[in-house]
Each structure stands twice: as C-alpha cells, then as structure tokens.
Amino acid sequence: DTEVTQTPKHLVMGMTNKKSLKCEQHMGHRAMYWYKQKAKKPPELMFVYSYEKLSINESVPSRFSPECPNSSLLNLHLHALQPEDSALYLCASSQAEFNEKLFFGSGTQLSVL
Amino acid sequence: DAKTTQPPSMDCAEGRAANLPCNHSTISGNEYVYWYRQIHSQGPQYIIHGLKNNETNEMASLIITEDRKSSTLILPHATLRDTAVYYCIVRTGYSSASKIIFGSGTRLSIRP
C-alpha cells in the first residue's frame, strides 16, 4: 500500500463553519506534512509532523489547527476561514522527516464562501 | 527566496527525449537537487534526486554539471502521460532546515 488517502475530496464551507480535513497512510511513515496550493501556483508548506510531534509550522494563521492523533493519521482543523483560504490542501508522508521521497495524496479542494 | 530557476513552459514530441533544465547557481556543498512532477488534479510525485553524480532510475535520468550550478532532468521517451508541471528543488540533505520547498516549475506539454 503506497497511498496517501485524503478525505473529503471536495469541501465547501462558510466563514463561520468548523470543518476538518483528514489524511491517512499505512506505509509506516513517521513524518507527515500539510501543503496548501492555490490555482496555478506551486504547493506551499504549512506544517510538518515528525513522530507525531509538530516539527515545523510555517507561520500559518491559527485558524488552521493541525493534529496528529497517531502515526497513520493527520488532521487539519479549520475554523473561521476566509475566502482567500480557498485552495487545494495536500497531505504528504515520508519514512522520516528528512527523507527524500514524499508521497502525496490527491488533495482536498476547499472552497470558502 | 527560490533557489532554482526553470523555464515556465516547454513542449516535446511524443517518443522523443524531454530535457528539462534547472539553474541552481547558489547551491551549496551539502544541498541535493530533487525533481518532482505534478500531473493535473493529482498530488506531486517524486521522480529522482542527486548530490553531484548523475543518477538514473526507472522514470528518468538526472544530469548535474560538474560545478553543480545547473542540472537537467531527462525523460528518455516522453509519452502523453508525462504532461505535467515539473519542479526542481534544492534541499539540504539531513538537517532541521531541510524542507521540500517548491519553486514555480516547468509546465511540460507532450504533443502527439
């Protein structure tokens, strides 16, 4: 199993809603990542978890709250988002934090109304 | 603070070799060159990486110049499925500063 599974694939939410994005991998990887990608732009790193602990936060606003409940799961909790937060949110994993191969999911396309 | 420069777009005929250049003139001695690609509606996919020697795997070859200031990714027999955005990334190998940071990439179109 070399897949990173992200759910949901599409999400529409209002600015006052609370929602969560979910990411799962069963490759035994110990590092997991969140990236944000706006249309026609490259992915931007948001968070890195290593051994279930937050390792890197790229100065992401607090309305995005990551959580790593176990080594296979990564969540991104969303609250009070703005329309400019509409983007593709990509999850990735790797064997360890500094491993060269990141495996990416297909992403969640988020629209904030 | 992108460390790499790539042409925004290129095209190549199906069946021919696609050669994608990348300039990384400020690369330092412990920094690796990585290549990823992103096919439309999918997440990025790892292709290959190298430090100073040329590398080859089942997907592609990576040629790094002797001064390490530039590199070329070669897809030996391009197919329509190779149409994607290709990202060249410079990354410190193993340190707390090591991150996969994507630059603007090259949009490669393969024509029949």
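The values are calculated or read from the model by the stated rules, or taken from the named source; none is laboratory data. Only a predicted model underlies this, so the values are computations on that prediction, with no experimental measurement involved. So basically every Cβ, Gly included, is an ideal-geometry build from the backbone, and we count neighbours across all protein chains shown. Surface accessibility is based on the protein's heavy atoms, side chains included, excluding ligands, DNA and RNA. Shrake-Rupley method; radii C 1.70, N 1.55, O 1.52, S 1.80 Å.
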*Probe 1.4 Å, all protein chains present, accessible-area order of B:MET59, A:MET15, A:MET46, largest first*: A:MET15, B:MET59, A:MET46
*Can you give the Rg and Dmax of the protein assembly as shown based on its C-alpha atoms, in angstrom?*
17.8, 55
*Quantify, in whole percent, the carbon and sulfur part of the accessible surface of the protein assembly as shown (1.4 Å probe; protein heavy atoms only).*
49
*Rounded to whole Hz and in sequence order, give me ³J(HN,Hα) for region B:26-38 from the Karplus expression 6.51 cos²θ - 1.76 cosθ + 1.60, θ = phi - 60°, writing x for Gly and Pro.*
9, 4, 9, x, 9, 9, 8, 9, 10, 10, 10, 9, 10
*For the pair B and A, how large is the buried accessible area, both sides, in square angstrom to the nearest 100, if the probe is 1.4 Å?*
1600
*Which of A:GLU24, A:GLU58, A:GLU67 moves most in a GNM of chain A, Cα contacts under 10 Å?*
A:GLU58
_Those Cys residues of chain B for which no other cysteine Cβ falls under 4.7 Å_ = B:CYS12
*Tabulate in residue order the Karplus-calculated ³J(HN,Hα) for region A:42-52, using 6.51 cos²θ - 1.76 cosθ + 1.60 with θ = phi - 60°, rounded to whole Hz; enter x for Gly and Pro.*
x, x, 10, 5, 10, 9, 10, 10, 10, 6, 6
*Stretch B:ALA17-B:GLU66 to full length: gain in nm at 0.36 nm per residue minus the Cα-Cα span?*
15.4 nm
*Mind listing the long-range amide H neighbours of A:MET15? Cut-off is under 5 Å, sequence gap 5 or more, other chains count too, H placed in the peptide plane at 1.01 Å from N.*
A:LEU113
*For region B:31-66, state which residues have at least 10 Å² less accessible area in the presence of all protein chains than in their chain by itself, taking the probe as 1.4 Å and leaving out ligands, DNA and RNA.*
B:TYR34, B:TYR36, B:GLN38, B:SER41, B:GLN42, B:GLY43, B:PRO44, B:TYR46, B:HIS49
*Expressed in nm to one decimal, what extension gain is obtained for the pair A:HIS77 and A:ALA96 from 0.36 nm per residue of sequence separation less their Cα-Cα distance?*
4.5 nm
*Each residue of region B:40-55 in order: what ³J(HN,Hα) in whole Hz does its phi give by Karplus 6.51 cos²θ - 1.76 cosθ + 1.60, θ = phi - 60°, with x for Gly and Pro?*
3, 6, 10, x, x, 10, 5, 10, 6, 8, x, 9, 9, 8, 5, 10
_Loop-only trypsin sites (Lys or Arg not before Pro) in region A:5-63, please: DSSP not H, G, I, E or B, and at most 16 other Cβ atoms within 10 Å._
A:LYS9, A:ARG30, A:LYS38, A:LYS40, A:ARG63
*In nm, to one decimal, how far is the modelled label at B:LEU51 from the one at A:ASN70, with both set 7 Å along Cα→Cβ?*
3.7
_Regarding chain B, what's the average projected area of the Cα-atom convex hull, expressed in nm²?_
6.9
_Relative frequency of Cα-Cα separations exceeding 25 Å in chain A, percent_ = 15
*Please name the residues of region A:37-68 whose accessible area, counted over protein heavy atoms with a 1.4 angstrom probe, falls by no less than 50 Å² between the chain alone and the full protein assembly.*
A:PRO42, A:PRO43
*Going from most exposed to least, what order do A:THR7, B:THR5, A:THR16 have by accessible area with a 1.4 Å probe?*
A:THR16, B:THR5, A:THR7
*Cysteines without a disulfide-compatible partner [chain A; Cβ-Cβ under 4.7 Å]*: A:CYS68
*Taking chain B as a Gaussian network, Cα atoms linked when under 10 Å apart, which of B:ARG37, B:ARG81, B:ARG68 shows the biggest mean-square fluctuation?*
B:ARG81
*At a Cα cut-off below 20 Å, give the lysines reachable from A:LYS9, other chains included and same-chain residues fewer than 8 away excluded.*
A:LYS18, A:LYS19, A:LYS22, A:LYS36, A:LYS38, A:LYS40, A:LYS41
*Can you pull the one-decimal nm distance between simple spin-label points at A:ASN57 and B:THR26, each 7 Å off the Cα toward Cβ?*
2.8
